[in-house]
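Heads up, the thing below is written out as structure tokens.
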Amino acid sequence: MPRIDVSHLAPAAPDRVFEIYSDIRRVADRVDAIKNIEMLTPGPVGQGTRFRETRVVFKKEHNEELEFVEFVPGKSYTVGCTSCGAEYRTRYDFRPEGSGTRVDVVMQITAMTLGAKLFAPLGFLMSKSMRKCLEADMVALDKVFEKTAEASAGA
């Protein structure tokens, strides 16, 4: 199955970018394609935190249960789930670049069932849509930094 790589320059310091990206409780308010987040574990977000995401994909709502499988505050995290016979792992790495933060995202999809393995050769057809989805999420999150900058300038 495909590996999808996306890189984005966010207009804020790494700690702030990590904070916004990993603030899963507020992501539905920030990303239009995400309609709802239901937290499945209590407490602060970290390794082991589970949540259910309702997202619009191809004009239909889809629900997935996801988990933070790795979490290194300020540096990186990996979110994973199993769906449609495949395992999905999406890793976010945050590093300083100029006055902003380079966010590198790698989504790795591994077929687990026979059906998913048979579909795997066609996975490249979905990878373009998944890449666009990841890029749109990042652009939406940039608006949080823009609002913060505007509020600071007005103060």
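Any read-out appearing in this document is the output of simple, stated calculations on the displayed coordinates, not a laboratory observation. Owing to the predicted nature of the structure, the values given are computational and were not obtained by experimental measurement. Backbone-built Cβ (ideal geometry, glycine too); neighbour counts: all protein chains shown.
For the range 106-111, what does the Karplus curve 6.51 cos²θ - 1.76 cosθ + 1.60, with θ = phi - 60°, yield as ³J(HN,Hα) per residue in whole Hz, taken in order and with x for Gly and Pro?
Couplings: 10, 9, 10, 10, 10, 5 Hz.
Working out 0.36 nm times the residue gap between residue 102 and residue 19, then minus their Cα-Cα distance, what length gain in nm do you get to one decimal?
Stretched out fully, the residue 102 to residue 19 stretch lengthens by 28.5 nm.
Going by amide H atoms built from the backbone, whose H comes under 5 Å of the H on residue 83, apart from near neighbours?
Under 5 Å from the amide H of residue 83: 88.
Excluding residues on the same chain fewer than 8 positions from residue 59, give the aspartates and glutamates whose Cα lies under 13 Å from its Cα.
32
Taking the Cα centre of the chain as origin, work out the dipole magnitude from +1 charges on Lys and Arg Cβ and -1 charges on Asp and Glu Cβ, in debye rounded to 20.
380
For a quick check: with amide H placed at 1.01 Å from N, whose amide H comes under 5 Å from residue 35's, ignoring anything fewer than 5 positions away on the same chain?
54, 55, 56
Take the Cα radius of gyration of the chain and divide it by 2.2 N^0.38 Å, with N its residue count; two decimals is plenty.
Compared with the compact-globule rule of thumb, the chain sits at 1.07.
Mind pulling the angle between the C-alpha long axis of helix 123-154 and the longest principal axis of the chain? Nearest 10 degrees, somewhere in 0 to 90.
10
Step through the residues of the range 38-53 one at a time and calculate ³J(HN,Hα) from phi using the Karplus curve (6.51 cos²θ - 1.76 cosθ + 1.60, θ = phi - 60°), rounding each to whole Hz and writing x for Gly and Pro.
Taking θ as phi minus 60°, the curve returns 10, 6, 9, 10, x, x, x, 6, x, 4, x, 5, 10, 8, 10, 10 Hz for the range 38-53.
Within the range 1-31, name every residue whose backbone N is under 16 Å away from a label modeled 7 Å from Cα of residue 140 along the Cβ vector.
20-31
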